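Asker: Sending over a structure as structure tokens; questions will come in a sec.
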Amino acid sequence: MTDTLLPPTTDALVRLLERHAQAGQIMGIVTRGPRSVSTAPWPKWVPETVLAAIRAAGAPRAWSHQLEAAEAIHAHHHTVLATETASGKSLAAWVPLLSDIVHSRGNSTHLAHLAYRPTALYLSPTKALAADQAAALHHLIRPLTTRIGVAVADGDTDAAERAWARDMADIVLTNPDFAHFGILPRHHQWARLFRGLDMIIVDEFHSYRGMFGAHVAHIVRRLLRTAQFYGASPTVVFLSATTGAPRLSTKQFLGSAFGPIVEITKDGSPRGKQVIMLWRARPSAQSDALDDSDALDDTDDGDPLLQQDEDGPRRAANTEAGELTGLLVGAGARTLTFVRSRPGTESVAAAARSWLHDHAPTLETRVAAYRGGYLPEERRELEQQLKKGELRALASTNALELGIDISGLDAVVVTGWPGTHASFSQQIGRAGRSGRASLAVFVGRENPLDQYLLENPAMVTNAPTEVNVFDPNNPHALIPELCAAAAEVPLTDKDAEVFGLPDTHMFDDLAEQGLLRKRPTGWYWNTALGFSAHDTVDLRGTDATVTIVEQPSGILLGTVDAARADSSVFPGAIYVHQGVAFRVDQLHDGVALVHRYEGEEIRTYAREETSVEIRETAQSVDIASGTWAWGDITVYSRVIGYDVRRFDDGMYLGMVPLDMPLRQLDTSAVWWTMKQTALRSAGVEPPDLPGALHAAEHASIGMLPLFALCDRWDLGGLSTALHPQTGEPTVFVHDALAGGSGCAHRGFVSGLQWVNSTLHAIESCPCRSGCPRCIQSPKCGNNNEPLSKAGAIRVLRLLRDAMGTMEDRPPGQPRPRGLSH
């Protein structure tokens with residue numbers, strides 16, 4: 001389709017939205033002025049042929065951060081480059097690498113005769129980004145007279161392509177999954193790559209968090225020790241969005257065994273004017289649709305502590321974002337809309353198409369949804385259609401957040417806070433690349449953190465310190481990683497430091513358990529077990545996936561993580577795919593069978609019962625009102641049924657009981673206990689206590705992502721008026737991953753700051769009795785019952801005052817944890 005629409009200016013789009021908004025919808029407009037460029041000549045050590053290639057690619061001079069990074073990398077210092085999106089970070093790594101390769105070749109054209117061939121391994125969190133980088137790298141090296149082999153090796157490449165990458169490529173682009181399953185177990189076949197390994201590039205470093213980040217940290221350490229086995233000592237280059245303390249994060253990632261890390265954060269690239277509009281959904285009409293990720297209306301209990309919300313309930317953020325997407329597309333803007341959930345992408349795309357049907361029908365078919373769970377070929381086709389302009393807008397999960405080159409976008413709509421300032425910057429940076437002006441619209445959802453940001457617009461750009469959270473010492477990651485390492489190259493005494501251990505006792509423990517065999521030359525994987533050590537590693541924290549199949553056609557609709565299956569594709573659940581509703585008939589043996597649903601338009605929400613057992617208290621601080629603690633817990637949960645609500649107005653239609661299996665999660669949590677006497681003195685009486693604690697738990701979960709690189713879906717919680725182990729009212733906020741992700745510990749360390757921001761979010765909300773903007777949660781397994789906003793304020797004021805007597809940041813770091821877990 002030929003695109004005849006002229007792109008509008010950013011100022012014109014702002015005026016359009018200002019005319020469209022109702023009173024009180026635009027909560028603020030933050031304008032980030034253009035940033036002037038800071039350049040310098042490329043270093044003299046760059047060969048002329050490489051300089052010519054760089055000039056041909058449009059970079060005759062280096063931006064200041066590129067120069068600083070290139071110099072550090074050329075000097076063989078491990079380096080972290082943390083600057084904004086579209087700031088040319090990868091070029092800063094390619095220049096010293098290509099220079100080394102060209103210098104090593106001299107005048108030789110016979111690659112097989114070279115004694116030393118520098119090689120590099122590029123790690124991307126996604127296959128799509130690796131393929132995109134490979135295409136850009138091929139374009140960069142095309143003018144070079146030196147022959148440089150570039151290859152992608154991942155689960156999608158065929159045997160011939162992998163063989164060429166293994167035997168001939170100088171630069172191999174892959175992902176952590178293939179590095180773990182395809183390269184390291186067969187490192188003897190990749191000996192040529194390891195012997196010359198000059199550089200390991202870890203792209204999009206800020207995306208490695210939680211259990212996935214812990215595993216990838218060990219994979220990089222295993223790559224380094226394997227390279228050392230072959231006599232190489234590669235430089236590690238981390239490319240990251242702007243985050244808090246990048247040197248500390250990369251040091252934790254790499255460990256202490258491989259030397260210091262140079263940090264570069266001052267961005268010298270040009271940036272066009274960026275206008276960020278903070279947008280509140282308009283008051284809802286009865287016909288406004290509520291979607292899967294927005295909770296429902298609040299009720300008025302007349303509490304005198306609270307204010308009446310004169311505007312009443314507001315419509316779903318996804319509905320609002322869909323209309324804004326349609327409005328922008330109708331004005332000629334190429335738009336990318338980020339949505340927090342997979343079902344949400346379908347809702348937003350449908351709302352945009354509906355608006356276009358009424359106002360610009362020729363563009364109705366040029367909006368689509370994009371999310372995980374689609375088949376790979378579907379996603380690639382959508383990417384190409386957006387690049388070519390055949391599609392004018394995509395409603396996407398964060399799958400398109402990373403650096404895939406989609407040029408020419410005019411606007412980005414961010415539906416709900418994406419969890420971190422790093423992710424937010426990445427998302428809004430998808431528009432206005434190459435120094436062009438751009439528009440971003442942040443549509444706040446009805447949750448505490450989003451509403452806090454709408455009320456405090458400066459917080460959107462004046463980022464607090466967010467630190468990448470992952471725990472390489474998590475035993476659920478460490479133990480299988482040690483087994484994999486031993487299967488590659490036997491463990492020795494010096495490997496204790498490589499894997500962050502004080503000594504080799506854990507190696508001996510694994511040998512006693514029969515996983516390793518101790519020999520005079522080290523600890524070896526026990527091959528007599530009959531299975532691969534590498535298969536014990538659950539790299540992305542998902543043991544398996546559940547396949548969603550339509551019957552009777554047998555068409556594969558998508559997949560869902562097995563850990564989420566009980567609460568998303570339970571029998572009777574409504575599953576939405578590309579705007580079409582399907583009902584789940586059966587969930588069994590990793591397959592969810594569904595049929596097309598033709599009845600009244602409804603949505604289903606899982607209802608769960610949960611209990612928590614404290615296994616170990618790692619750190620604890622006595623405060624006036626009780627205890628502030630962090631440690632290891634076990635969460636027991638079961639889906640006991642699901643609620644049914646009408647889609648068009650959210651009316652509750654009933655609850656359907658289910659008999660689902662009991663699930664167990666061993667993880668980490670921060671918790672606080674409260675003395676009954678202190679609660680009564682604060683005005684929290686026993687009848688109000690469960691709702692007060694429950695509301696404080698919800699709001700605390702909602703605000704923790706302000707202090708850690710996570711979002712509320714990485715967390716869980718439980719509150720109880722009497723916990724059997726503590727003997728007191730207790731609130732738990734826990735990591736949602738087995739073994740813990742580090743988020744809960746960030747909450748423990750953030751302490752008073754976290755409590756203060758949570759209290760402010762509730763107190764500043766204009767509702768009377770609590771709403772999704774403050775204390776209701778879209779993931780509550782108890783249908784947001786009971787909840788007491790007034791009680792939560794009293795509980796959190798009590799906690800705040802009690803914590804004023806302790807340090808703002810309790811001392812201590814997560815301790816190494818052993819096999820007892």
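The values are calculated or read from the model by the stated rules, or taken from the named source; none is laboratory data. What you see is a predicted model; the values in this text were computed from it and never measured. Note that each Cβ is placed from the backbone with ideal geometry, even for glycine, and that neighbours are counted across all protein chains shown. Note: accessible area is taken over every heavy atom of the protein model, side chains too, but ligands, DNA and RNA are not part of it. Shrake-Rupley method; radii C 1.70, N 1.55, O 1.52, S 1.80 Å.
Asker: Quick check: at a probe of 1.4 Å, how many percent of the accessible area of the chain sits on carbon and sulfur atoms?
Answerer: 51
Asker: Using the Kirkwood radius over C-alpha pairs as Rh, can you work out the diffusion coefficient of the range 570-634 via Stokes-Einstein at 4 °C, viscosity 1.567 mPa s, in µm² per second? Walk me through the intermediate numbers first.
Answerer: Working: Rh = 15.8 Å.
Once the numbers are plugged in, D ends up at 82 µm²/s.
Asker: Can you work out the PRE-style zone for residue 257? Point 7 Å along Cα to Cβ, and I want the residues of the range 484-525 with backbone N under 12 Å.
Answerer: Under cut-off, by backbone N: 485-486, 489-504, 507, 523.
Asker: Step through the table entries 89/388; 251/518; 127/779; 44/273; 266/388; 89/266, compare each Cα-Cα distance with 22 Å, and write down the pairs that go over it.
Answerer: With Cα atoms farther than 22 Å apart: 89/388; 251/518; 127/779; 44/273; 266/388.
Asker: A further question follows. Suppose a student asked you for the relative contact order of the range 194-261, using Cα pairs under 8 Å spaced at least 6 residues apart; what percent would you report?
Answerer: Values: 66 pairs, mean separation 30.7, N = 68.
Relative contact order here is 45 percent.
Asker: Can you list which of the trypsin sites (Lys or Arg not before Pro) found in the range 13-77 are DSSP loop residues with at most 15 other C-beta atoms within 10 Å?
Answerer: Sites meeting the loop and neighbour criteria: 44, 61.
Asker: Computed FRET efficiency, Cβ-Cβ of residue 800 and residue 676, R0 25 Å: what is it to the nearest 0.05?
Answerer: Details: r = 19 Å, r/R0 = 0.75.
The pair residue 800/residue 676 has a calculated efficiency of 0.85.
Asker: Further question: Of the listed peptides 791-802, 321-332, what is their order by residue-averaged count of other C-beta atoms within 10 Å, with the highest listed first?
Answerer: 321-332, 791-802
Asker: Using only Cα atoms, locate the centre of the range 615-670 and the centre of the range 110-182, then give the distance between them in Å, rounded to an integer.
Answerer: Comparing the Cα centres of the range 615-670 and the range 110-182, I get a distance of 45 Å.
Asker: Continuing with this model, one more query. On alpha carbon coordinates alone, what is the Rg over Rh value for the range 42-100, Rh being the Kirkwood radius?
Answerer: Answer for the range 42-100: 0.93.
Asker: Another question, then. Grab the DSSP H runs of the chain that are 4 residues or longer, score each as -39,500 (n - 2.57), total them, divide by all residues and round the 222 nm result to the nearest 500 deg cm²/dmol.
Answerer: Counting only the DSSP helices, I get -9500 deg cm²/dmol.
Asker: Place the peptides 695-705, 572-582 in order of packing, highest mean first, counting for every residue the other Cβ atoms within 10 Å and averaging per peptide.
Answerer: 695-705, 572-582
Asker: Please report, in cubic angstrom per residue, the volume enclosed by the convex hull of the alpha-carbon atoms of the range 411-450.
Answerer: Values: hull volume 2.1 nm³, N = 40.
Roughly 53 Å³ of hull volume per residue.
Asker: Sticking with this structure for a sec: What do you get for Rg/Rh of the range 653-802 when both radii come from the Cα atoms and Rh is the Kirkwood radius?
Answerer: 0.96
Asker: Consider the candidate values (i) 42, 34, 26; (ii) 62, 41, 23; (iii) 46, 33, 29; state which one is semi-axes √(5λ) of the Cα gyration tensor in Å computed from the structure displayed.
Answerer: Only one option fits the structure, namely (i).
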